[in-house]
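K.L.:
One structure, as structure tokens, below. Some questions next.
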Amino acid sequence: RKEVEQDPGPFNVPEGATVAFNCTYSNSASQSFFWYRQDCRKEPKLLMSVYSSGNEDGRFTAQLNRASQYISLLIRDSKLSDSATYLCVVNIFFGNEKLTFGTGTRLTIIP
Amino acid sequence: DAGVTQSPTHLIKTRGQQVTLRCSPKSGHDTVSWYQQALGQGPQFIFQYYEEEERQRGNFPDRFSGHQFPNYSSELNVNALLLGDSALYLCASRGQGRWGYTFGSGTRLTVV
């Protein structure tokens, strides 16, 4: 079983729609969680951290369920510029850590 | 403020050769990690350097080695290149007490 699993997509959604991505992780010792965005042939960029209480940044909402080892990302009112690959990332522990990435979910926003 | 810089941006090598990739972390960052990203996959952790020491290593063979210098910059060396080493190699840096990493734009290595 992969340490971090995501639906690879692709997700093709119309502009203005709401889209949700899900991710599961296998290591219950995971302590920090992130969503990164990666444009084609570019480096990953931190989109947002994910907290147990859930957090929102503009049109983006992230949720974490530690009991189910499940992370989600919701994008509301999607824009053409949201087209990218979204990577779910977990970190085992601080101080001696490594980021473990999912394979990414490709999103294309259709005009 | 310069982010993470990597060089070279692209590289073509022949099987069996050796390669050195370089990374300068973001100003104020002291921890550097290297990742390999094959086409269509998420980045895979190679190793992490802090205080000029390798602190953690992923599931990569000894052909992959690295170094961190006193100015926090880092090198990734790969010996005896295989076709399967063709990938985007990403360097990421982090400052003390910070969770999120900043990635460089990567070095795209092609082994022929």
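K.L.:
What is the diffusion coefficient of the protein assembly as shown in µm²/s, taking the Kirkwood radius over Cα pairs and the Stokes-Einstein relation at 10 °C with a viscosity of 1.306 mPa s?
P.N.:
The Stokes-Einstein estimate is 88 µm²/s.
K.L.:
In whole percent, and with a 1.4 Å probe on the protein chains, what portion of the accessible area of the protein assembly as shown is carbon and sulfur?
P.N.:
Answer for the protein assembly as shown: carbon and sulfur cover 48 percent of the accessible area.
K.L.:
Given the protein chains as shown and a 1.4 Å probe, how many square angstrom of A:Asp39 are accessible, to the nearest 10?
P.N.:
60
K.L.:
For the A and B pair, go ahead and give the buried accessible area with a 1.4 Å probe, both sides summed, in Å² to 100.
P.N.:
Using a 1.4 Å probe on protein heavy atoms, the buried area is about 1800 Å².
K.L.:
Could you list the square roots of 5 times each eigenvalue of the Cα gyration tensor of chain A, that is, the equivalent ellipsoid semi-axes, sorted largest first and rounded to whole Å?
P.N.:
For chain A, the ellipsoid semi-axes come out as 23, 14, 12 Å.
K.L.:
Per-residue HN-Hα couplings for the stretch A:79-91, Karplus 6.51 cos²θ - 1.76 cosθ + 1.60 at θ = phi - 60°, whole Hz, x for Gly and Pro?
P.N.:
10, 4, 6, 7, 4, 4, 9, 10, 9, 8, 9, 10, 10
K.L.:
Something else about it: So what is the accessible area of the protein assembly as shown per residue, in Å², with the probe set to 1.4 Å?
P.N.:
48
K.L.:
The stretch B:17-66: which residues show an accessible-area loss of 50 Å² or more, assembly versus chain alone, 1.4 Å probe?
P.N.:
B:Pro43, B:Gln56
K.L.:
Turning to a different aspect of this structure: Rank these by accessible area, largest first, 1.4 Å probe: B:Glu75, A:Glu15.
P.N.:
Solvent-accessible surface, decreasing: A:Glu15, B:Glu75.
K.L.:
Quick check: with the 1.4 Å probe, what order do B:Glu52, A:Glu56, A:Glu43, A:Glu97 take by accessible area, largest first?
P.N.:
Order by accessible area, largest first: A:Glu56, B:Glu52, A:Glu43, A:Glu97.
K.L.:
If you bin every alpha carbon distance in chain B into 10 Å steps from zero, what whole percent lands in each bin?
P.N.:
16, 51, 29, 5, 0
The values are calculated or read from the model by the stated rules, or taken from the named source; none is laboratory data. Just so it is clear, the model here is predicted, and its values are computed rather than measured. Only protein heavy atoms, including side chains, enter the accessible area calculation; ligands, DNA and RNA are left aside. Shrake-Rupley method; radii C 1.70, N 1.55, O 1.52, S 1.80 Å.
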